[in-house]
1. Going through MET51, MET47 one at a time, which residue ends up being of a type in the set (A, V, I, L, M, F, W, C), at pLDDT below 95 and in a helix (DSSP H, G or I)?
2. Could you please let me know if THR39 is surrounded by 15 or more Cβ atoms within 10 Å (Cβ to Cβ), among the β-branched types (Val, Ile, Thr), under 17 Å from the mean Cα position of the chain (by Cα) and farther than 20 Å from HIS130 by Cβ?
3. Which fully enclosed helices (runs of 4 or more DSSP H) of the range 96-149 have 1 or more residues being of a type outside the set (Gly, Ala, Ser) and more than 21 Å from the chain's Cα centre (by Cα)?
4. Considering the range 54-77 alone, what residues qualify as being over 18 Å from THR163 (Cβ atoms) and assigned to a helix (DSSP H, G or I)?
5. Is it the case, given these coordinates, that ARG95 is of a type in the set (Lys, Arg) and either in contact with a His (Cβ under 8 Å, 6 or more places away or on another chain) or outside the structural domain of LEU143 (by TED's automatic domain parsing) (or both)?
6. Among the residues of the range 53-104, write down those that are free of Cβ contacts under 8 Å to residues at least 24 places away in the same chain, closer than 28 Å to LEU3 by Cβ and among the small types (Gly, Ala, Ser).
7. Scan the range 21-40 and give yes if some residue there is touching a residue at least 24 places away in the same chain (Cβ under 8 Å), among the small types (Gly, Ala, Ser) and in contact with a helix residue (DSSP H, G or I) (Cβ under 9 Å, 6 or more places away or on another chain), otherwise no.
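The values are calculated or read from the model by the stated rules, or taken from the named source; none is laboratory data. What you are looking at is a predicted structure, and each value in this text was computed from that prediction instead of being measured. We place every Cβ from the backbone using ideal geometry, glycine too, and count neighbours over all the protein chains shown.
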Amino acid sequence: MRLREPRIKPATDAELDEDQKELVRPMAETGPVLNIFRTLVRAPKAMRGFMGWGNYVLSRRNELPAREREIVILRIGYLCRSGYEWTQHVAIGLRAGLTAEEIEAIKGGPSAATWKGADKALMQASDELHHDQFIAPGTWSALKEHFSDKQCMDVVFTAGQYTQVSMMLNTFGVQLDEGLQLDPDLDLRGK
């Protein structure tokens, strides 16, 4: 986390107009509306477009298996130093089949001893997309050993989506939802 307080305050239920209520209704019906969505709802037209693409990336239409998708999301979130993104997706990654040890190893990058084969290729691709906005030929070949063309496209789509999400979370100062703990490695507040 970069900021101790939000730059864009999350909207309260009392502040929502009818369009905004419609946007958050599906979330409110299944649990609390997270701070990311209470913040984005301040720009309802942008949120509507964002949700369409975000729903693709997190759905089965994204042909990366959930575990592999979470490797990309967590690595991008870590590289972007997005404490909110990391915190939310640690739990999602665990549900998708990553171990706590693998999640910790994501911080160390593709050279960590944990990573082999497809996982190492995903980590390397995530680093290259973050640093150069391009997957190098050798890394592309490594991805192609394990994934279809569509799945390789989904690696790029996923990394791009979560780079954007991290930019928004960091810049808007979205704070952790109640009950969540910030990973100390991502506590950049006041530094």
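1. Checking each option against the conditions leaves just MET51.
2. yes
3. By residue number, 137-144.
4. ALA66, ARG67 - these are the residues of the range 54-77 that are over 18 Å from THR163 (Cβ atoms) and assigned to a helix (DSSP H, G or I).
5. When the stated conditions are applied, ARG95 does not pass them.
6. Passing the criteria: ALA91, ALA100.
7. no
Residue-by-condition table, conditions (1) more than 30 Å from PRO6 (Cα to Cα); (2) assigned by TED's automatic domain parsing to the domain that holds ARG42; (3) surrounded by 12 or more Cβ atoms within 10 Å (Cβ to Cβ):
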residue	(1), (2), (3)
ALA121	yes, no, yes
LEU129	no, no, yes
ASP132	no, no, no
GLN164	no, no, yes
LEU180	no, no, yes
